[in-house]
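Step one of this worksheet: look at the structure below.
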Amino acid sequence: MTTVYETMYILRPDLGDEQVEQAVAKYQNLLREQGGEDIQIQNRGKRRLAYEIKKQRDGVYIQMNYTAPPTAIAPMERAMRLSEEVIRYLTIKQEAEDAKPVEVAAAV
């Protein structure tokens, strides 16, 4: 049985574009290995944090929407927790009516 999830994570602001892409690909591949499907990734860009986290005032926000078995979440979050590039992450389980993809306009 698969469930719809949303994971938002924040990468260090000093990472280059190529390093950000590598990090995104790493977590996307990890999800696929664990049975994740329909992975949609949105790079929200560099933004100011509400408060300092790990001596960082800014961060690169990445949002992933996907379907996966419940057992896929723990290995991905463990990899994020051990990573030096991720400063914060959060995974939420979507409700059935919220499971439909919604287009979000990017702020310019």
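The values are calculated or read from the model by the stated rules, or taken from the named source; none is laboratory data. As the structure is a prediction and not an experimental result, all values here were calculated from the model. Here the Cβ is made from the backbone with ideal geometry for all residues, glycine too, and neighbour counts use every protein chain on show.
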* **Output for segment 9-29, where each listed residue is surrounded by 13 or more Cβ atoms within 10 Å (Cβ to Cβ), among the aliphatic types (A, V, I, L, M) and closer than 16 Å to GLN63 by Cβ** => ILE10, LEU11, VAL20, ALA23, VAL24
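Tell me, which strands (runs of 3 or more DSSP E) lie completely within segment 1-86 with 2 or more residues that are modelled with pLDDT of 90 or more and out of contact with any strand residue (DSSP E or B) (no Cβ under 7 Å at 6 or more places or on another chain)?
Numbers: elements: 3-11, 37-53, 56-68.
It comes to 37-53.
Of the residues that sit in segment 1-34 and are among the β-branched types (Val, Ile, Thr) and within 10 Å of the chain's Cα centre (by Cα), which one is nearest to GLU85 (Cα to Cα)?
Our first condition is that a residue be among the β-branched types (Val, Ile, Thr); within segment 1-34, this holds for 2-4, 7, 10, 20, 24.
Keeping just the survivors that are within 10 Å of the chain's Cα centre (by Cα) gives 7, 10, 24.
Values: THR7: 16, ILE10: 8, VAL24: 11 Å.
Here the answer is ILE10.
Take TYR89 and decide whether it is modelled with pLDDT of 90 or more, surrounded by 17 or more Cβ atoms within 10 Å (Cβ to Cβ) and farther than 13 Å from ILE10 by Cβ.
Details: modelled with pLDDT of 90 or more: yes; surrounded by 17 or more Cβ atoms within 10 Å (Cβ to Cβ): yes; farther than 13 Å from ILE10 by Cβ: no.
Taking the combined requirement at face value, the residue does not satisfy it.
Within segment 36-48, track down each residue that is surrounded by 13 or more Cβ atoms within 10 Å (Cβ to Cβ) and either over 12 Å from the mean Cα position of the chain (by Cα) or over 10 Å from GLY59 (Cβ atoms) (or both). Talk me through it step by step, then tell me what you get.
We begin by selecting, within segment 36-48, every residue surrounded by 13 or more Cβ atoms within 10 Å (Cβ to Cβ); these are 36, 39, 41-44, 46-47.
GLY36, ILE39, ILE41, GLN42, ASN43, LYS46, ARG47 - these are the residues of segment 36-48 that are surrounded by 13 or more Cβ atoms within 10 Å (Cβ to Cβ) and either over 12 Å from the mean Cα position of the chain (by Cα) or over 10 Å from GLY59 (Cβ atoms) (or both).
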